[in-house]
Amino acid sequence: MSTIYLVRHGQAGTRNAYDCLSPLGRRQARLLGEYLAAQRLVFSAAYSGSMKRQQDTAWEVQSAYRDLGVEFPEIVVNSDWDEFNLDRIYREIGPRLRSDDPSFREQYEAMQQEVRCSGSDQDAAVHRRWLPCDSRIVKAWIAGQYSYQGESWDDFRKRVAGCGCEWRNGTRKTNIIVFTSAMPVGIWAGLALDIADERVLRLAGVLHNSSYSILRCKAEDLRLHTFNAAPHLVQDDLRTYR
């Protein structure tokens, strides 16, 4: 049986530079590493998606372990754990959705204005909230409402769900840690709960940055044991969602 710890990356950058960790995001990841190391939780393998925010979260955890003298495996990068490409979805689907949906157009233009006004303020609300226009366009992508040349929802879900096939036939008890993003965590939680549609977005939407979820896997039996745990984020101002 494999026990899989799925970690969402720490707080990311601004909407204009999302694939990095903010200073707070690095702190969240470091605190996670210190917490897990203090539990003497040893992993047999560690994986990360190829995105910078995912890898940097992994490296902060690995560094905390090693500074505390606790063994931590080398991190294997696997792009199958990458998040979907929201920027491309906005570029390709956004213009058609703005034309068809006046409410979305108004929300999108308001968001763009907030981004322009925010300057370099990392803490501006527009960078730290999932807005109605974000949900609307992702739901349009999931539903296949418009033609799209990028990765479809079905292909994205199959890619993420196909990760870790080698764990399912393991014969010994192992702990595995994976550093990824909100939707891949939501997809794997959904697999355990038999959820495959846009409700996965609801699971992803409540995940704290640097939180972990625990699944146990044996052959085809996948069970969710812990979801969105963040005991290392003891102060409210450390708990973020984007």
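The values are calculated or read from the model by the stated rules, or taken from the named source; none is laboratory data. Here the structure is a predicted model, which is why all the values come from computation and not from measurement. Methodologically, a virtual Cβ is constructed for each residue, glycine included, from the backbone with ideal geometry; neighbour enumeration extends over all protein chains shown. To get the accessible areas, we keep the full protein, side chains included, count just its heavy atoms, and leave off ligands, DNA and RNA. Shrake-Rupley method; radii C 1.70, N 1.55, O 1.52, S 1.80 Å.
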Karplus-derived HN-Hα couplings along the stretch 46-54 (A = 6.51, B = -1.76, C = 1.60, θ = phi - 60°), whole Hz, x at Gly and Pro | 9, 10, 9, x, 8, 6, 4, 5, 6
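Beyond 27 Å, what share of the Cα-Cα pairs of the chain remains, rounded to the nearest whole percent? Write down the numbers at each step before the final one.
Working: 10230 of 29161 pairs.
Every Cα pair in the chain considered, those over 27 Å come to 35 percent.
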Taking r as the C-beta separation of residue 116 and residue 218 and R0 as 45 Å, the FRET efficiency to the nearest 0.05 is 0.30
Förster radius 22 Å - calculated FRET efficiency between residue 18 and residue 228, Cβ distance, rounded to 0.05 = 0.60
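How much of the accessible area of the chain, in percent, comes from carbon and sulfur atoms when a 1.4 Å probe is used? Intermediate results must be reported in sequence, preceding the final value.
On the way: 5310 of 11360 Å².
Here carbon and sulfur together make up 47 percent of the probe-accessible area.
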In degrees, nearest 10, range 0 to 90: what is the angle between the Cα axis of helix 132-143 and the longest Cα principal axis of the chain?
-> 80
Using only Cα atoms, find the angle between the long axis of helix 102-118 and the longest principal axis of the chain, and express it within 0 to 90 degrees, rounded to the nearest 10.
-> 70
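Counting heavy atoms of the protein chains only and a 1.4 Å probe, report the per residue accessible area for the chain as a whole number of Å². List each step's numbers first, then the result.
Values: 11360 Å² over 242 residues.
Accessible area per residue: 47 Å².
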Read phi for every residue in the stretch 18-29 and hand back ³J(HN,Hα) as whole Hz from Karplus 6.51 cos²θ - 1.76 cosθ + 1.60, θ = phi - 60°, with x for Gly and Pro.
-> 7, 7, 7, 9, 6, x, 5, x, 5, 5, 4, 5
